[in-house]
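Comments concern the structure below.
What follows is calculated from the coordinates using simple rules that are stated; it is not laboratory data. Note that this is a predicted model, so its numbers are computed, not measured. Don't worry about glycine lacking a Cβ; one is built from the backbone with ideal geometry, like all the others, and counts go over all protein chains shown.
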Amino acid sequence: MLTNIETMDNPSKIKTQTKASSFTLIVAFICVALIGLALIPLLPVKLNPSRTLPGFTVQFSMPGTSSRVVEIEATSKLEAMLARIKGIKNIYSTSDNGSGSITIELDKYADIDAVRFEASTIIRQTWPQLPDGVSYPYIRMKRPDENASRPFMSFTLNAPSTPILIQQYADEHIKTRLAQIQGIYKIDLSGATPMEWVLEYDSEQLRRLGITLSDIQQAVSRYYLKEFLGTYNVESSTGGKSGSGWR
């Protein structure tokens, strides 16, 4: 009874409390809306969004060994060291006869460049501990944008000439001008078979010099061989960035 009496005696108090709560709700809504408007420029917008997660694959070879030996001597050790990287969601490994691979899926919020640098550091520190005969592990990154990237525009060139000359003209004149347009990320040319070298040798002269056909093949392979030299840091205005060196 006392509560009812107070309510009937002071109706203005109820109106004041009701107005205060509505005002607070409106102010809170306006603040949230302003915060949302301020964060709109930070939202990632893509023409073809990808649903795949980022990750990378580590591959190596171990010639002349069975899959069991590869798993025990190399794959398990590399997998245990790479599992320490932050942001890993899933990790898989495969060991075959003479080779092995480790596939790692990252969280969508992981920094791919930082993860690559950390993985390169771990591999560089772990490789001397692996058995002799294990090649230096190679890292192949998988970015979500790779599956979403599609050509925006395609051109077909026709001319009364050989395909290789048409491609050379497009590479020297058309590609250079298109590359000057702001916003273009990548330009690919295809359709012509690249030029190739044909080596002719005198078998009798090679026999007198003691040179075999395999020696020529190995010399050509060594000339075009790419070797991993290690990683390096490049200082820029936005901070240090990692990279890898090949020869």
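Observations
- Note on Asp132 and Ser67: their simple-model spin labels are 2.8 nm apart, each label 7 Å out from Cα toward Cβ.
- For the peptides 182-190, 83-91, residues were scored by their other Cβ atoms within 10 Å and the scores averaged per peptide; the highest-first order is 83-91, 182-190.
- Gyration tensor (alpha-carbon) shape descriptor, segment 54-124, a/c threshold 1.5: prolate
- Chain lengthening between Arg124 and Asp107 when straightened (0.36 nm per residue, less Cα-Cα): 3.8 nm
- Each of Tyr169, Tyr224 has some number of other Cβ atoms within 10 Å of its Cβ, and from fewest to most they run Tyr224, Tyr169.
- Theoretical gain in end-to-end length, Leu53 to Gln180 [0.36 nm per residue, Cα-Cα removed]: 42.5 nm
- The label point for Met153 and the one for Lys77, both projected 7 Å from the Cα toward the Cβ, are 5.4 nm apart.
- Most tightly packed first, judged by the mean number of other beta-carbon atoms within 10 Å of their residues, the peptides 199-205, 75-81, 211-217 read 75-81, 211-217, 199-205.
- Unit charges on C-beta of K, R, D, E only; dipole of segment 107-204, Debye: 680 debye
- Extended-chain gain in nm, criterion 0.36 nm per residue less alpha-carbon gap, Ala192 and Ser93: 31.8 nm
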